[in-house]
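Here's the structure, in structure tokens; my notes come after.
The values are calculated or read from the model by the stated rules, or taken from the named source; none is laboratory data. Everything quoted here is computed from the prediction, not taken from an experiment. Every residue, glycine among them, receives a Cβ derived from its backbone with ideal geometry; neighbour counts consider all protein chains shown. Ligands, DNA and RNA are excluded from the accessible area calculation, which covers all protein heavy atoms including side chains. Shrake-Rupley method; radii C 1.70, N 1.55, O 1.52, S 1.80 Å.
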Amino acid sequence: MNRKLRFGMIGGGRGAFIGAVHRLVAIMDGKAELVAGAFSADPENSRATGGDLLLDPARVYGTYREMARVEAKMPAAQRLDFVVIVTPNHEHFPPAKLFLEAGFNVVCDKPATLNLAEAKKLREIVRRTKKVFVLTHNYTGNAMVKQARELVRAGALGAIRKVVVEYPQGWLSTRLETTGHKQATWRADPKRAGAANCLGDIGTHAENLARYITGLRIESLCADVTSFVPGRVLEDDANILVRYQGGAKGVMHASQIAVGEENDLNIRVHGEKASLEWHQEQPNELVMKFPDQPRQIWRRGNSYIGATAKKFTRIPFGHPEGYLEAFGNVYLEAFRAISAEVRGKPMPEGLDFPTIEDGVIGMTFIETVLKSARGKAKWVKFSKA
């Protein structure tokens, strides 16, 4: 493609967190530019954010509906190639549906929708419109996560027996949502977050990471969820036993009341021949463990790293890469697909980014965990997504 992709943003106004991250990583490789946006439900905030970003005021909108209506009429030389949705969960499905049906590709923050029913409807819309839909499970973009998946696929661990994945945080160990904290307020509100808080925010990342690395699909699960902080409606802690198809077992733990923890998403995969371990807070290292030799520490950027991990390595070893670079890798792969769609070309082979299928599985995961935790059955079958 001989030009940058043009995108607009829904959400991400002043006071937001993830919108600024998306803007940064989307332009990281010089392949896209932000040209429009409806940045807030508050039109004044949206206009102010557009001013901060030096956008043409004519393309800064008070609502995403106005944005869709006007942008759909733009000439081809100015028209958006995709939109990025970074709103609270209840405002994922409506704009995604509107823009897909108006002919735009969509990048959406996770979880995909407010509930499973919406996710399945959105999947049908994606299939019908044949547009690109990207779900930003950004940790899968890390080079050493891709190295872990490559080792599993190559049989270096042998048959997988057990998967342990954890995502502990401590930022909601008090009732922060009553202090005016913007992120805590909407995540603790069922009308905006959906049926889950912790599970939707970070539990879906844990499930997605385990599935991405191992390729295993959940057969059934047994869950216990808790709202530890008095007065909090939605859960802030979840503990899950997993039975995978094929016989492997798993343990998943997601918590936002683990005092002192920052953002330690981590995974351990145990096979018949070897095990591996990766921590998001030390993302450049992958640990391999064996029964008859010293453990190995694989480090990003070295010559012994596999081809896939090398492809997604940006700078030489010894210069740390982490959250932003991994996020940028998801966008970089998405741009291959969006560029092809815009030009009317076939989709490139080997695309590696989360899709609406991951979104439906994530919402199925939330629904199944809550069903297990609230029901009488010890184990609940994971329905086909």
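Annotations for the structure displayed:
- Set side by side, the residues Ala254, Ala238 differ, and just one is under 19 Å from Thr140 (Cβ atoms) and either among the hydroxyl-bearing types (Ser, Thr, Tyr) or within 20 Å of the chain's Cα centre (by Cα) (or both), which is Ala254.
- Of the criteria (1) more than 17 Å from Val107 (Cα to Cα); (2) open to solvent by less than 40 Å² (accessible area, probe 1.4 Å), which one Met67 fails: (1)
- Criterion: acidic (Asp, Glu), in a loop (DSSP other than H, G, I, E, B) and touching a residue at least 12 places away in the same chain (Cβ under 8 Å) - qualifying residue of Asp358, Asp352: Asp352
- Residues (assigned to a loop (DSSP other than H, G, I, E, B) and either open to solvent by 40 Å² or more (accessible area, probe 1.4 Å) or closer than 11 Å to Leu209 by Cβ (or both)) located in segment 258-269: Val259, Gly260, Glu261, Glu262, Asn263, Leu265
- Segment 61-116 - residue that is of a type in the set (S, T, N, Q) and in contact with a Gly (Cβ under 8 Å, 6 or more places away or on another chain) and, of those, farthest from Ala20 (Cα to Cα): Asn115
- Selection over segment 141-150 of residues that are in a helix (DSSP H, G or I) and open to solvent by 10 Å² or more (accessible area, probe 1.4 Å) gives a count of 2.
- Sole residue being touching a helix residue (DSSP H, G or I) at 6+ places or on another chain (Cβ under 9 Å), assigned to a helix (DSSP H, G or I), in contact (Cβ under 8 Å) with a residue 12 or more places away in the chain and not hydroxyl-bearing (Ser, Thr, Tyr), chosen from Asp224, Asp201: Asp201
- Index of the failed condition, Gly19 passing every other in (1) surrounded by fewer than 20 Cβ atoms within 10 Å (Cβ to Cβ); (2) within 27 Å of the chain's Cα centre (by Cα); (3) not polar (S, T, N, Q): (1)
- Check on Lys289, farther than 30 Å from Lys371 by Cα, in contact with a Ser or Thr (Cβ under 6 Å, 6 or more places away or on another chain) and open to solvent by 10 Å² or more (accessible area, probe 1.4 Å): yes
- Pair list, Cβ under 6 Å, 6 or more apart: segment 361-383 residue in a helix (DSSP H, G or I), other residue among the polar types (S, T, N, Q): Gly362/Thr204
- Tally of residues being in contact (Cβ under 8 Å) with a residue 40 or more places away in the chain and either open to solvent by 30 Å² or more (accessible area, probe 1.4 Å) or assigned to a strand (DSSP E or B) (or both) across segment 24-35: 6
- Residue list for segment 70-117, restricted to those being among the β-branched types (Val, Ile, Thr) and open to solvent by less than 30 Å² (accessible area, probe 1.4 Å): Val83, Val84, Ile85, Val86, Thr87, Val106, Val107, Thr113
- Any hit, segment 319-333, residues being in a loop (DSSP other than H, G, I, E, B) and open to solvent by less than 70 Å² (accessible area, probe 1.4 Å): yes
- Qualifying residues in segment 36-66 (those that are more than 22 Å from Lys97 (Cβ to Cβ) and outside any helix (DSSP H, G or I)) - the one modelled with the lowest pLDDT: Asp42
- Condition check for Pro346: open to solvent by 10 Å² or more (accessible area, probe 1.4 Å), closer than 22 Å to Arg153 by Cα and either modelled with pLDDT under 95 or touching a helix residue (DSSP H, G or I) at 6+ places or on another chain (Cβ under 8 Å) (or both): no
- Residue match in segment 68-75 (condition: over 16 Å from the mean Cα position of the chain (by Cα), in a helix (DSSP H, G or I) and either in contact (Cβ under 8 Å) with a residue 12 or more places away in the chain or within 29 Å of Thr313 (Cα to Cα) (or both)): yes
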